[in-house]
Amino acid sequence: MNSLLKDKARLALAIVFIFSAIITFIYGFFERQSGNDFNQIWMLGVIMLLGAMVHLQKIGKKPPKKNK
């Protein structure tokens, strides 16, 4: 049961990261259109997407069994 809650929490966090990255990319696009610096904004979006991918990869993974 504990791993199910962890998986749900990871999924929720990944979804938040994905939506935040999309919003950040859109904001960076508007900044680029107005002539302002936008590279740091887009890099933040890329980092959020990478964080979402890490959390999505860990969902459903079973920990290795310890041999005694």
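At a glance:
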{"item": "Residue list for segment 32-68, filter: outside any helix (DSSP H, G or I) and basic (Lys, Arg)", "result": "Lys61, Lys62, Lys65, Lys66, Lys68"}
{"item": "Asp7 being in a helix (DSSP H, G or I) and acidic (Asp, Glu)", "result": "yes"}
{"item": "Lone qualifier among Gly45, Gly60, Gly35, Gly28 - being at positive phi and touching a residue at least 12 places away in the same chain (Cβ under 8 Å)", "result": "Gly60"}
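Residues are listed down the side, and each one gets a yes or a no for (1) within 18 Å of the chain's Cα centre (by Cα); (2) modelled with pLDDT of 90 or more:
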residue	(1), (2)
Asn2	no, no
Asp7	yes, no
Ser20	yes, yes
Ile26	yes, yes
Gly35	no, no
Met43	yes, yes
Ala52	yes, yes
Lys61	yes, no
Asn67	no, no
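The values are calculated or read from the model by the stated rules, or taken from the named source; none is laboratory data. No experiment lies behind these values; they were computed from the predicted model shown. Glycine gets a Cβ as well: all are built from the backbone with ideal geometry, and neighbour counts include every protein chain shown.
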